[in-house]
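Take a look at the structure below.
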């Protein structure tokens, strides 16, 4: 089916654009993140304040390895630990140091929307929006099962 092939092309382009952006962000600056560290911080950000255990589980790594990564990222200033209400554990949160250059107006979503806006009619954009919403609802439903 051509739909599968086209989706793979979109997904490959998405990954290439993300990697291009990651390497542009990382650079060779003092205190820069390695690619592994970048993906670890991004995972924490995407998870929305996970515990170390949740972070470890998401990446299928041991809790001790996750704790080591967290310690490195805290030392570099890219994440912080936030105590939970009961003060017995903590959540992980990305810092402004990470978000100020990670999130920008030039995100991949904006890039794709700009391209779509040039080649699709308003009706096609609205249809695409409905289709994307269906994708999101399906994916989120699968993750909650």
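General observations
- Condition met for residue 82 (outside any helix (DSSP H, G or I) and either more than 26 Å from residue 135 (Cα to Cα) or outside the structural domain of residue 115 (by TED's automatic domain parsing) (or both)): yes
- Some residue of the range 48-68 being exposed (fewer than 12 other Cβ atoms within 10 Å of the Cβ) and within 29 Å of residue 111 (Cα to Cα): yes
- Annotation for the range 52-68: no member residue is at pLDDT below 90 and assigned to a helix (DSSP H, G or I).
The values are calculated or read from the model by the stated rules, or taken from the named source; none is laboratory data. Only a predicted model underlies this, so the values are computations on that prediction, with no experimental measurement involved. Cβ coordinates were reconstructed from backbone atoms using ideal geometry, including for glycine residues, and neighbour counts include every protein chain displayed.
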